[in-house]
């Protein structure tokens, strides 16, 4: 696991922190100008500091170069986000991830030290649009441009046949990563697995190929 620095403990910072804690990361430090917004997380993190991270001396005191990843979770004040992102890189931060919801802001952040940009609102809205645009997509995770992991039902014509018999990869250009049913999940299922009506499939597919498959329902 990794050592993490989170700057800005608003709603997104809180959700991020909770998820990182659940994943048992080695060290998590949180920083905000307000102690009140950090109080509920203090018992669960390695360290919590109060300070204005637009000031170089504050950032320097955190030892930012010692963290594997530094998150800048300040969405409401772009100028502060930009200053902190730039300062982190100047002080030797290994990897800086900055939060924003605007493309124009992302360009400036990338030019000034951000290694990666997170778009919480955009990502959630895209996922919701894809999920609720088709009755046969139960969940969706973007992997890279053009590719995603989808949770879909088995095609009616597959029921009673095995993965090997259907030859899904060759015929439909998708990869079955797992099977979900009432008993749980089975990842990397055997080619002998027989499709049933009740289960869901976790498939890795290019979007256009998945759309072709969905038209068969």
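All of the numbers you see were taken from the coordinates with simple rules; none came from a lab. What you see is a predicted model; the values in this text were computed from it and never measured. Don't worry about glycine lacking a Cβ; one is built from the backbone with ideal geometry, like all the others, and counts go over all protein chains shown.
Which of these values of Rg and Dmax of the Cα atoms in Å was calculated from the structure shown: (i) 19.8, 67; (ii) 21.7, 66; (iii) 17.5, 53?
Evaluating Rg and Dmax of the Cα atoms in Å on these atoms matches (ii).
Any idea how far the Cα center of the range 98-122 sits from the one of the range 21-38, in Å?
Rounded to whole Å, the Cα centres lie 21 Å apart.
Determine the calculated [θ] at 222 nm for the chain from helices alone, applying -39500 (n - 2.57) to every DSSP H run no shorter than 4 residues and normalising by the residue count; nearest 500 deg cm²/dmol.
-9500 deg cm²/dmol
Let me have the relative contact order for the chain, percent, based on Cα pairs under 8 Å that are six or more residues apart.
13
Report, to the nearest 10°, how far helix 11-22 tilts away from the longest principal axis of the Cα atoms in the chain, using its own Cα long axis and a range of 0 to 90°.
The two axes meet at around 70 degrees.
Calculate the spin-label point distance for residue 145 paired with residue 35, positioning each point 7 Å from the Cα along the beta-carbon direction, and give it in nanometres.
Here the answer is 4.8 nm between the modelled labels.
For residue 215 paired with residue 162, estimate the spin-label separation in nm (one decimal), with each label point 7 Å from Cα along the Cα-to-Cβ line.
Label at residue 215, label at residue 162, 3.1 nm between them.
Could you sort the peptides 27-35, 165-173 by per-residue average Cβ neighbour count (10 Å cutoff), highest mean leading?
Top to bottom by mean Cβ count within 10 Å: 27-35, 165-173.
Estimate the FRET efficiency between residue 42 and residue 107 by the formula 1/(1 + (r/R0)^6), using the beta-carbon distance for r and 41 Å for R0, to the nearest 0.05.
Computed FRET efficiency for residue 42 and residue 107: 0.70.
Apply 1/(1 + (r/R0)^6) to the Cβ-Cβ distance of residue 186 and residue 2, taking R0 = 35 Å, and write down the FRET efficiency to the nearest 0.05.
Efficiency, from the Cβ-Cβ distance: 0.75.
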